[in-house]
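Scroll down for the structure; my scribbles are underneath it.
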Amino acid sequence: MSKTPLAIPLARELPPTDGQARRYECALEIPDSLVSHVIGHQGRGLKQAHNLSGSWLAAFAVGPAGNEGRRFVTIRGTDQQIGEALVVIGKRIAKRRVRAPRKQKTGNSAPNVAAPAPTP
């Protein structure tokens, strides 16, 4: 990831609303290798974090188009909602890292079948 200065705040307090708890916003920079796993197929990972925490989540990229941009996930909510969303995202990342790579098949496409026993 590039080391250029970031123009978006990584955390901030949102303006207060009458009678509601304090709300915050934080942005997480996600490595390219984990972006698709955190977001999930059709955004299911972000929807899961939203459903379990009640926070608002969005993913976006900063920088040039293609694979060289910086990727972020923004979380908005109370401090408890943000904490719960971070737990969900952390578990998705941990699950990704624990998963063992699939074994590659060798070039031999013939099934391994024992030869028939000789007939007497």
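Once the Cα-Cα distance is subtracted from the 0.36 nm per residue extended length, the SER33 to LEU10 segment shows a gain of 6.2 nm. Around the amide H of GLY40, modelled in the peptide plane, lie the amide H atoms of GLY45, all under 5 Å away and 5 or more residues distant in sequence or on another chain.
In this structure ARG12 has an accessible area near 110 Å², from a 1.4 Å probe over the protein heavy atoms. A cut-off of 5 Å between modelled amide H atoms, ignoring neighbours fewer than 5 places along the same chain, links ARG23 with LEU14. Excluding ligands and nucleic acids, what accessible area in Å² is computed for GLU25 using a 1.4 Å probe, to the nearest 10? About 20 Å², ignoring ligands and nucleic acids.
The values are calculated or read from the model by the stated rules, or taken from the named source; none is laboratory data. Source: prediction; values computed, not measured. These area figures cover heavy atoms from the full protein model, side chains too; ligands, DNA and RNA do not enter into them. Shrake-Rupley method; radii C 1.70, N 1.55, O 1.52, S 1.80 Å.
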